[in-house]
Amino acid sequence: MIHKIKKNLYLIITSAVFGLSVIFAAAIFISLEVEGELNRTSVGFIYLGDKNENQYGSILNTEINKWKSQAKYTVYFQEYMYELNMSYFDFDQSRTLSLLKINTNNRAYFNLTTANQLLLEQAMRHNFSDLIMDAFDFDQFLLDVRTDMQVLYILKEYQLEKYLSSDMKTSIIDVSQVTNLNVLDVNLISEHAAEIVIPKNARFSLLQALSTQSLTNLQLSIIASGIQGVVGKSSMSGFAYEQNRVLPVWGVHGQNVRILQVNKYDFTFFNHLNYDLTITIEKIDDQTLEFKLIGYPFVTQYDVIEVELMVIPYPTLIYQNNEIVTHPDVEIIDSETETLYRLRVQEGVNGFVIYFYREVTKLHEETISYRIYDEQYLPTPEIYYEYLVVKEDA
């Protein structure tokens, strides 16, 4: 009986001690939790939890100034960029503190005066041109910038085209035509390749772009040549292709690409822009196709100049042919010992090499030029038929 009472007393004491331990642990946990909540107050990356509230203002001013000296907010468009001048934005300490919540990661607020907003807009017009900025949604851009500044991001990048009107994306950059075509080729090309996308930040391949279409080598060559005619006056680079050594009846210098699918003769170039471009192909008449390059207008001015830098002299070939004796145009060269009958059956034409240079005039800069591709045309030999008769009396 006494043993049973001792056992029960032991259980009671043990339970009491355990209960007190639980209560004590809970009290400690709650105390630490409250302590932790009080210590998690911040504005962006600026920690305020271990500071007195009367220090918040001076701490924020000091840290915000440091942040503004390090922050880089950059706008990109084509090959142009502009880094925002962070001094245009004034830290609104009063609003930031009035909206401050304890144990929360709060936002920092900034003001942009009308004068500073005008300076910012003028700077961007200088960097990206009036043409682009006239279609720019400046209000939405400022809203996004100030939202990012509230979080105190150190680095932010903005693609300017995101804020341009949708009409700007469908601007006609350049137009070219290919004519003297067969009506069947015109119809098939305009039907199966009416629109071709040049993907952003990638190397364009004509064979890849039209891999699902059943087009002949000739039709693909026509398409490639038309595209070549409109991408020269752009920032496209790294052209790789084969040319027709004899200019087709539909071809012109600078629009002469030869496609052979089996041999992997392709037409490729690189689009370094952060957005797609589009080629449209439209039937003008039964012999003519019109090619258009569609996209945002270029800030830089591009032009293409062709320069014939090398002449390849034609050879003269002579073949014996006694049938020319009676030809009305035969040339007779007579001497005391022999008579030479000579007839030119093909006129010689010199070959040549054309270098194509792109002239580039960036905004507020001098024009520079560089070679983008070249074409070589073989000479046409001059051909004579001759027949020599030796005089017997000589």
*asked:* If I filter the range 264-279 down to residues being more than 30 Å from His364 (Cβ to Cβ) and surrounded by fewer than 18 Cβ atoms within 10 Å (Cβ to Cβ), which single residue comes out as modelled with the lowest pLDDT?
replied: Lys264
*Where residues in the range 153-197 are among the aromatic types (Phe, Trp, Tyr) and in contact (Cβ under 8 Å) with a residue 60 or more places away in the chain, which of them is most open to solvent (accessible area, probe 1.4 Å)?*
Tyr153
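Okay, residues lined up against (1) assigned to a helix (DSSP H, G or I); (2) modelled with pLDDT of 55 or more:
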position: Lys7; (1), (2): yes, no
position: Ile12; (1), (2): yes, yes
position: Phe29; (1), (2): yes, no
position: Glu37; (1), (2): yes, no
position: Gly49; (1), (2): no, yes
position: Thr62; (1), (2): yes, yes
position: Lys66; (1), (2): yes, yes
position: Ser69; (1), (2): yes, yes
position: Tyr82; (1), (2): no, yes
_Candidates Glu308, Glu282, Glu290, filtered to the one that is under 26 Å from Gln243 (Cα atoms) and open to solvent by less than 70 Å² (accessible area, probe 1.4 Å)_ = Glu290
*Thr114 being polar (S, T, N, Q), modelled with pLDDT of 95 or more and open to solvent by 70 Å² or more (accessible area, probe 1.4 Å)*: yes
*Taking the range 105-118 on its own, how many of its residues are closer than 28 Å to Phe45 by Cβ and part of a helix (DSSP H, G or I)?*
2
*Out of the range 106-125, which residues are in contact (Cβ under 8 Å) with a residue 40 or more places away in the chain and touching a Phe, Trp or Tyr at 6+ places or on another chain (Cβ under 9 Å)?*
Ala108, Tyr109, Phe110, Ala123, Met124
*Taking strands (runs of 3 or more DSSP E) that do not extend beyond the range 297-394, which have at least 3 residues that are polar (S, T, N, Q)?*
367-377
*What is the one condition in (1) among the polar types (S, T, N, Q); (2) within 34 Å of the chain's Cα centre (by Cα); (3) surrounded by 17 or more Cβ atoms within 10 Å (Cβ to Cβ) that Asn106 does not satisfy?*
(2)
*Going by the conditions given, is Ser87 among the small types (Gly, Ala, Ser) and buried (at least 18 other Cβ atoms within 10 Å of the Cβ)?*
no
*From Glu386, Glu323, residue being surrounded by 15 or more Cβ atoms within 10 Å (Cβ to Cβ), over 48 Å from the mean Cα position of the chain (by Cα) and either under 30 Å from Lys162 (Cα atoms) or not hydroxyl-bearing (Ser, Thr, Tyr) (or both)*: Glu386
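The values are calculated or read from the model by the stated rules, or taken from the named source; none is laboratory data. What you see is a predicted model; the values in this text were computed from it and never measured. Glycine also receives a Cβ, built like all others from the backbone with ideal geometry; neighbour counts cover every protein chain displayed. Note: areas computed on protein heavy atoms with side chains; ligands, DNA, RNA excluded. Shrake-Rupley method; radii C 1.70, N 1.55, O 1.52, S 1.80 Å.
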